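Here the structure is laid out as C-alpha coordinates; the discussion comes afterwards.
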Amino acid sequence: LLLAFVAPTTGAFFLWQLLASLLTLMVLGGKLYTVLPAGDRRARFSPAALAEIRRFAGGMLGINLLAVLLTQIDKVLLSRLIPLDQFGYYMLATSVCVLLYTLTGPVTLALSPPLVVAATRGDTAAVARHYHAGAQLITVLVAPAALMLVGFGHDALLVWTGNAGLADQVAPLLGLVAIGTMCNALMQLPYFTMVAHGWTRLALVSNIVAVTLLVPLLFIVVPVAGARGAALVWIALNAGYIVLQAPLLHRRILRGELWRWYAADLALPMLAAAGTLAAALALRRLFDPDRLGLAVLLPLIAALAVLAAGLAAGSVRARLAAVWNPGHG
(Lines give C-alpha, C1' and ligand atoms only; values in the text may rest on other atoms or scores of the structure.)
Protein backbone atom coordinates (compact mmCIF):
# COMPACT_ATOMS: atom_id res chain seq x y z
CA LEU A 1 0.00 0.00 0.00
CA LEU A 2 2.86 2.36 0.79
CA LEU A 3 4.51 1.76 -2.59
CA ALA A 4 1.22 1.88 -4.49
CA PHE A 5 -0.30 4.99 -2.97
CA VAL A 6 2.43 6.99 -1.20
CA ALA A 7 5.90 6.70 -2.75
CA PRO A 8 6.97 4.00 -5.23
CA THR A 9 10.67 4.31 -4.38
CA THR A 10 13.37 2.03 -3.02
CA GLY A 11 13.88 4.49 -0.15
CA ALA A 12 10.26 4.10 0.93
CA PHE A 13 10.57 0.32 0.65
CA PHE A 14 13.62 0.09 2.89
CA LEU A 15 12.23 2.63 5.38
CA TRP A 16 9.13 0.47 5.73
CA GLN A 17 11.32 -2.61 6.24
CA LEU A 18 13.19 -0.78 9.00
CA LEU A 19 10.00 0.34 10.75
CA ALA A 20 8.43 -3.11 10.47
CA SER A 21 11.55 -4.72 11.93
CA LEU A 22 11.65 -2.29 14.85
CA LEU A 23 7.96 -2.85 15.55
CA THR A 24 8.48 -6.62 15.47
CA LEU A 25 11.39 -6.33 17.89
CA MET A 26 9.34 -4.23 20.30
CA VAL A 27 6.32 -6.53 20.20
CA LEU A 28 8.34 -9.72 20.62
CA GLY A 29 10.48 -8.18 23.37
CA GLY A 30 7.38 -7.04 25.25
CA LYS A 31 5.72 -10.44 24.85
CA LEU A 32 8.85 -12.19 26.10
CA TYR A 33 8.83 -10.24 29.36
CA THR A 34 5.15 -11.05 29.95
CA VAL A 35 5.76 -14.82 29.78
CA LEU A 36 9.03 -14.95 31.72
CA PRO A 37 8.64 -16.07 35.36
CA ALA A 38 8.98 -13.29 37.91
CA GLY A 39 12.45 -12.98 39.46
CA ASP A 40 13.43 -12.19 43.02
CA ARG A 41 15.60 -9.25 41.94
CA ARG A 42 15.72 -6.64 39.20
CA ALA A 43 17.13 -7.63 35.84
CA ARG A 44 20.70 -6.53 35.18
CA PHE A 45 23.37 -7.12 32.58
CA SER A 46 25.60 -10.05 33.53
CA PRO A 47 29.04 -10.41 31.89
CA ALA A 48 29.46 -13.66 33.83
CA ALA A 49 26.43 -15.18 32.13
CA LEU A 50 27.95 -14.36 28.74
CA ALA A 51 31.34 -15.69 29.80
CA GLU A 52 29.80 -19.06 30.58
CA ILE A 53 28.62 -19.48 26.99
CA ARG A 54 31.35 -17.54 25.20
CA ARG A 55 32.59 -20.48 23.13
CA PHE A 56 29.10 -21.51 22.06
CA ALA A 57 28.02 -17.93 21.38
CA GLY A 58 31.23 -17.23 19.47
CA GLY A 59 30.70 -20.32 17.37
CA MET A 60 27.11 -19.32 16.58
CA LEU A 61 28.22 -15.80 15.68
CA GLY A 62 30.87 -17.15 13.32
CA ILE A 63 28.47 -19.62 11.73
CA ASN A 64 25.85 -16.94 11.09
CA LEU A 65 28.32 -14.43 9.67
CA LEU A 66 29.74 -17.07 7.33
CA ALA A 67 26.22 -18.14 6.35
CA VAL A 68 25.48 -14.57 5.28
CA LEU A 69 28.65 -14.60 3.19
CA LEU A 70 27.75 -17.94 1.61
CA THR A 71 24.28 -16.81 0.62
CA GLN A 72 25.21 -13.30 -0.56
CA ILE A 73 28.72 -13.39 -2.00
CA ASP A 74 27.50 -14.99 -5.23
CA LYS A 75 25.17 -12.03 -5.81
CA VAL A 76 27.95 -9.52 -5.19
CA LEU A 77 30.32 -11.25 -7.61
CA LEU A 78 27.71 -12.05 -10.25
CA SER A 79 26.64 -8.41 -10.43
CA ARG A 80 30.12 -7.72 -11.81
CA LEU A 81 30.79 -10.91 -13.77
CA ILE A 82 27.66 -11.27 -15.91
CA PRO A 83 25.38 -8.89 -17.88
CA LEU A 84 22.72 -7.10 -15.88
CA ASP A 85 19.80 -8.92 -17.53
CA GLN A 86 21.33 -12.32 -16.72
CA PHE A 87 21.93 -11.16 -13.16
CA GLY A 88 18.27 -10.20 -12.92
CA TYR A 89 17.20 -13.67 -14.08
CA TYR A 90 19.47 -15.24 -11.44
CA MET A 91 18.10 -13.00 -8.69
CA LEU A 92 14.54 -13.89 -9.64
CA ALA A 93 15.36 -17.60 -9.48
CA THR A 94 17.02 -17.28 -6.07
CA SER A 95 14.13 -15.17 -4.76
CA VAL A 96 11.65 -17.90 -5.68
CA CYS A 97 13.79 -20.62 -4.11
CA VAL A 98 14.12 -18.73 -0.82
CA LEU A 99 10.45 -19.60 -0.31
CA LEU A 100 11.52 -23.21 0.27
CA TYR A 101 12.93 -22.16 3.63
CA THR A 102 9.44 -21.15 4.77
CA LEU A 103 8.65 -24.88 4.70
CA THR A 104 11.59 -25.87 6.93
CA GLY A 105 11.35 -23.03 9.45
CA PRO A 106 8.24 -24.20 11.32
CA VAL A 107 9.64 -27.75 11.59
CA THR A 108 13.04 -26.76 12.94
CA LEU A 109 11.54 -24.20 15.34
CA ALA A 110 9.09 -26.75 16.71
CA LEU A 111 11.71 -29.49 17.10
CA SER A 112 14.55 -27.40 18.54
CA PRO A 113 13.21 -27.32 22.14
CA PRO A 114 12.62 -31.10 22.45
CA LEU A 115 15.97 -31.76 20.77
CA VAL A 116 17.72 -29.53 23.31
CA VAL A 117 15.89 -31.19 26.22
CA ALA A 118 16.71 -34.70 24.97
CA ALA A 119 20.34 -33.82 24.25
CA THR A 120 20.77 -32.18 27.67
CA ARG A 121 19.39 -35.30 29.36
CA GLY A 122 21.57 -37.57 27.26
CA ASP A 123 18.45 -39.33 25.93
CA THR A 124 19.85 -40.60 22.63
CA ALA A 125 16.68 -42.51 21.78
CA ALA A 126 14.55 -39.36 22.08
CA VAL A 127 17.06 -37.36 20.02
CA ALA A 128 16.94 -40.03 17.29
CA ARG A 129 13.14 -40.12 17.35
CA HIS A 130 12.79 -36.35 16.98
CA TYR A 131 15.62 -36.22 14.45
CA HIS A 132 14.24 -38.80 12.03
CA ALA A 133 10.65 -37.62 12.35
CA GLY A 134 11.69 -34.03 11.63
CA ALA A 135 14.03 -34.97 8.80
CA GLN A 136 11.31 -36.98 7.09
CA LEU A 137 8.79 -34.17 7.48
CA ILE A 138 11.21 -31.66 6.00
CA THR A 139 11.88 -33.93 3.03
CA VAL A 140 8.15 -34.47 2.51
CA LEU A 141 7.58 -30.72 2.44
CA VAL A 142 10.69 -29.48 0.63
CA ALA A 143 11.50 -32.17 -1.94
CA PRO A 144 8.15 -32.01 -3.80
CA ALA A 145 8.28 -28.20 -3.85
CA ALA A 146 11.86 -28.11 -5.13
CA LEU A 147 11.27 -30.83 -7.71
CA MET A 148 8.15 -28.98 -8.86
CA LEU A 149 10.41 -26.02 -9.64
CA VAL A 150 12.68 -28.35 -11.60
CA GLY A 151 9.95 -30.02 -13.68
CA PHE A 152 7.28 -27.32 -13.75
CA GLY A 153 9.36 -24.19 -13.20
CA HIS A 154 8.39 -22.69 -16.53
CA ASP A 155 4.69 -23.24 -15.84
CA ALA A 156 4.99 -21.81 -12.33
CA LEU A 157 6.76 -18.69 -13.58
CA LEU A 158 4.20 -18.26 -16.34
CA VAL A 159 1.35 -18.43 -13.82
CA TRP A 160 3.11 -15.99 -11.50
CA THR A 161 4.38 -13.40 -13.99
CA GLY A 162 2.26 -13.94 -17.09
CA ASN A 163 5.45 -13.36 -19.12
CA ALA A 164 6.37 -16.33 -21.32
CA GLY A 165 9.68 -14.77 -22.40
CA LEU A 166 10.75 -14.23 -18.81
CA ALA A 167 9.74 -17.80 -17.93
CA ASP A 168 11.87 -19.10 -20.83
CA GLN A 169 14.94 -17.32 -19.47
CA VAL A 170 14.51 -18.03 -15.76
CA ALA A 171 13.15 -21.60 -15.73
CA PRO A 172 16.50 -23.37 -16.43
CA LEU A 173 18.19 -21.36 -13.68
CA LEU A 174 15.26 -21.90 -11.35
CA GLY A 175 15.56 -25.69 -11.57
CA LEU A 176 19.27 -25.64 -10.75
CA VAL A 177 18.99 -23.18 -7.87
CA ALA A 178 16.06 -25.20 -6.49
CA ILE A 179 18.19 -28.36 -6.33
CA GLY A 180 20.94 -26.58 -4.43
CA THR A 181 18.46 -24.92 -2.08
CA MET A 182 16.76 -28.27 -1.44
CA CYS A 183 20.10 -29.79 -0.42
CA ASN A 184 20.69 -26.85 1.91
CA ALA A 185 17.21 -27.19 3.42
CA LEU A 186 17.69 -30.92 4.03
CA MET A 187 20.72 -30.11 6.18
CA GLN A 188 18.76 -27.74 8.43
CA LEU A 189 17.73 -30.36 10.98
CA PRO A 190 21.21 -31.94 11.24
CA TYR A 191 22.52 -28.43 11.91
CA PHE A 192 19.95 -27.77 14.63
CA THR A 193 20.77 -31.16 16.15
CA MET A 194 24.43 -30.14 16.38
CA VAL A 195 23.42 -26.87 18.02
CA ALA A 196 21.16 -28.74 20.47
CA HIS A 197 24.26 -30.65 21.59
CA GLY A 198 26.25 -27.42 21.93
CA TRP A 199 28.57 -28.49 19.12
CA THR A 200 29.33 -25.61 16.73
CA ARG A 201 32.85 -26.45 15.59
CA LEU A 202 31.87 -28.73 12.69
CA ALA A 203 29.44 -26.21 11.20
CA LEU A 204 31.93 -23.37 11.70
CA VAL A 205 34.80 -25.23 10.00
CA SER A 206 32.50 -26.42 7.22
CA ASN A 207 31.39 -22.86 6.48
CA ILE A 208 34.98 -21.59 6.53
CA VAL A 209 35.95 -24.23 3.97
CA ALA A 210 32.86 -23.46 1.90
CA VAL A 211 33.55 -19.71 1.80
CA THR A 212 37.21 -20.38 0.95
CA LEU A 213 36.20 -22.54 -2.02
CA LEU A 214 33.17 -20.56 -3.17
CA VAL A 215 34.86 -17.36 -4.31
CA PRO A 216 37.58 -18.92 -6.55
CA LEU A 217 35.04 -21.39 -7.96
CA LEU A 218 32.75 -18.53 -8.97
CA PHE A 219 35.63 -16.67 -10.63
CA ILE A 220 36.51 -19.83 -12.56
CA VAL A 221 33.07 -21.10 -13.52
CA VAL A 222 30.96 -17.96 -14.06
CA PRO A 223 33.03 -16.43 -16.91
CA VAL A 224 32.60 -19.73 -18.77
CA ALA A 225 29.04 -20.78 -17.87
CA GLY A 226 27.46 -17.52 -16.70
CA ALA A 227 24.63 -17.55 -14.18
CA ARG A 228 24.08 -21.24 -14.79
CA GLY A 229 27.63 -21.86 -13.61
CA ALA A 230 26.89 -20.04 -10.36
CA ALA A 231 23.83 -22.24 -9.86
CA LEU A 232 25.96 -25.35 -10.43
CA VAL A 233 28.44 -24.13 -7.82
CA TRP A 234 25.52 -23.65 -5.41
CA ILE A 235 24.48 -27.28 -6.00
CA ALA A 236 28.02 -28.58 -5.47
CA LEU A 237 28.44 -26.56 -2.29
CA ASN A 238 25.27 -27.87 -0.65
CA ALA A 239 25.64 -31.41 -1.92
CA GLY A 240 29.04 -31.34 -0.23
CA TYR A 241 27.33 -30.71 3.11
CA ILE A 242 25.18 -33.81 2.63
CA VAL A 243 28.02 -36.02 1.43
CA LEU A 244 30.84 -34.77 3.67
CA GLN A 245 29.43 -32.98 6.71
CA ALA A 246 26.62 -35.41 7.50
CA PRO A 247 28.94 -38.44 8.00
CA LEU A 248 31.12 -36.39 10.35
CA LEU A 249 28.04 -35.36 12.31
CA HIS A 250 26.90 -38.97 12.68
CA ARG A 251 30.32 -40.09 13.87
CA ARG A 252 29.81 -38.01 17.02
CA ILE A 253 26.03 -37.63 17.33
CA LEU A 254 23.50 -40.38 16.56
CA ARG A 255 26.06 -42.99 15.66
CA GLY A 256 24.72 -45.69 13.40
CA GLU A 257 21.85 -43.50 12.17
CA LEU A 258 23.53 -42.11 9.03
CA TRP A 259 22.22 -44.59 6.49
CA ARG A 260 18.76 -44.46 7.96
CA TRP A 261 18.88 -40.70 7.42
CA TYR A 262 20.08 -41.11 3.85
CA ALA A 263 17.62 -43.87 2.92
CA ALA A 264 14.46 -43.53 4.99
CA ASP A 265 14.54 -39.79 5.70
CA LEU A 266 15.81 -38.46 2.38
CA ALA A 267 15.82 -40.97 -0.48
CA LEU A 268 12.46 -42.74 -0.14
CA PRO A 269 10.25 -39.62 0.16
CA MET A 270 12.27 -37.88 -2.54
CA LEU A 271 11.98 -40.79 -4.97
CA ALA A 272 8.24 -41.04 -4.35
CA ALA A 273 7.80 -37.34 -5.08
CA ALA A 274 10.06 -37.54 -8.14
CA GLY A 275 8.14 -40.51 -9.55
CA THR A 276 4.82 -38.75 -9.09
CA LEU A 277 6.08 -35.56 -10.71
CA ALA A 278 7.66 -37.47 -13.61
CA ALA A 279 4.31 -39.11 -14.36
CA ALA A 280 2.54 -35.77 -14.09
CA LEU A 281 5.10 -34.13 -16.37
CA ALA A 282 4.57 -36.83 -19.00
CA LEU A 283 0.81 -36.22 -18.90
CA ARG A 284 1.33 -32.46 -18.92
CA ARG A 285 3.10 -32.69 -22.27
CA LEU A 286 -0.01 -34.19 -23.86
CA PHE A 287 -1.97 -30.94 -23.67
CA ASP A 288 -1.39 -27.20 -23.39
CA PRO A 289 -3.47 -25.54 -20.66
CA ASP A 290 -3.73 -21.77 -20.47
CA ARG A 291 -2.54 -19.69 -17.53
CA LEU A 292 -5.74 -20.20 -15.54
CA GLY A 293 -5.64 -23.95 -16.21
CA LEU A 294 -2.06 -24.10 -14.97
CA ALA A 295 -3.02 -22.16 -11.84
CA VAL A 296 -5.48 -24.94 -11.03
CA LEU A 297 -3.34 -27.85 -12.22
CA LEU A 298 -0.03 -27.07 -10.50
CA PRO A 299 -1.37 -27.08 -6.91
CA LEU A 300 -3.08 -30.42 -7.59
CA ILE A 301 0.16 -31.93 -8.89
CA ALA A 302 2.07 -30.53 -5.90
CA ALA A 303 -0.48 -31.99 -3.49
CA LEU A 304 -0.17 -35.43 -5.10
CA ALA A 305 3.63 -35.24 -4.87
CA VAL A 306 3.48 -34.28 -1.19
CA LEU A 307 1.03 -37.11 -0.51
CA ALA A 308 3.28 -39.63 -2.30
CA ALA A 309 6.31 -38.43 -0.35
CA GLY A 310 4.37 -38.56 2.91
CA LEU A 311 3.24 -42.14 2.29
CA ALA A 312 6.84 -43.14 1.56
CA ALA A 313 8.11 -41.63 4.83
CA GLY A 314 7.48 -44.03 7.71
CA SER A 315 7.09 -41.43 10.46
CA VAL A 316 4.84 -39.17 8.40
CA ARG A 317 2.82 -42.15 7.19
CA ALA A 318 2.22 -43.20 10.80
CA ARG A 319 1.01 -39.71 11.67
CA LEU A 320 -1.31 -39.69 8.65
CA ALA A 321 -2.69 -43.08 9.67
CA ALA A 322 -3.33 -41.80 13.19
CA VAL A 323 -5.22 -38.79 11.83
CA TRP A 324 -7.19 -40.96 9.39
CA ASN A 325 -8.04 -43.56 12.02
CA PRO A 326 -7.66 -41.88 15.43
CA GLY A 327 -9.11 -44.85 17.29
CA HIS A 328 -6.04 -46.91 16.35
CA GLY A 329 -3.44 -44.10 16.47
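The values are calculated or read from the model by the stated rules, or taken from the named source; none is laboratory data. Since we're looking at a predicted model, the values are computed, not measured. Methodologically, a virtual Cβ is constructed for each residue, glycine included, from the backbone with ideal geometry; neighbour enumeration extends over all protein chains shown. Keep in mind that these areas ignore ligands, DNA and RNA; they rest on the heavy atoms of the full protein, side chains included. Shrake-Rupley method; radii C 1.70, N 1.55, O 1.52, S 1.80 Å.
Observations
- Taking the criterion of being in contact (Cβ under 8 Å) with a residue 12 or more places away in the chain and either open to solvent by less than 30 Å² (accessible area, probe 1.4 Å) or not in a helix (DSSP H, G or I) (or both), the residues of segment 247-257 that qualify are L249, I253, L254, E257.
One line per residue, one yes/no per condition, for (1) part of a helix (DSSP H, G or I); (2) open to solvent by 30 Å² or more (accessible area, probe 1.4 Å); (3) free of Cβ contacts under 8 Å to residues at least 24 places away in the same chain; (4) among the aromatic types (F, W, Y):
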| position | (1), (2), (3), (4) |
| --- | --- |
| V233 | yes, no, no, no |
| I242 | yes, no, no, no |
| L268 | yes, yes, no, no |
| A274 | yes, yes, no, no |
| A280 | yes, no, no, no |
| P289 | no, no, yes, no |
| A303 | yes, yes, yes, no |
| R317 | yes, yes, yes, no |
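- Number of the condition not met by G198 [criteria: (1) in a helix (DSSP H, G or I); (2) small (G, A, S); (3) open to solvent by 10 Å² or more (accessible area, probe 1.4 Å); (4) modelled with pLDDT under 95]: (1)
- Total residues in segment 243-275, condition touching a Ser or Thr at 6+ places or on another chain (Cβ under 6 Å) and among the hydroxyl-bearing types (S, T, Y): 0
- Subset tally (residues that are farther than 29 Å from H154 by Cβ, open to solvent by 10 Å² or more (accessible area, probe 1.4 Å) and touching a Ser or Thr at 6+ places or on another chain (Cβ under 8 Å)) for segment 165-194: 1
- Number of the condition not met by A210 [criteria: (1) under 20 Å from T124 (Cα atoms); (2) among the hydrophobic types (A, V, I, L, M, F, W, C); (3) open to solvent by less than 20 Å² (accessible area, probe 1.4 Å)]: (1)
- Qualifying residue in segment 41-53 (condition: outside any helix (DSSP H, G or I), over 30 Å from I208 (Cα atoms) and open to solvent by less than 80 Å² (accessible area, probe 1.4 Å)): yes
- Among the residues of segment 94-119, the ones that are without any contact (Cβ under 8 Å) to a residue 40 or more places away in the chain and hydroxyl-bearing (S, T, Y) come to 2 in all.
- Among the candidates L3, L23, L69, residue that is modelled with pLDDT under 90, more than 30 Å from N184 (Cα to Cα) and in a helix (DSSP H, G or I): L3
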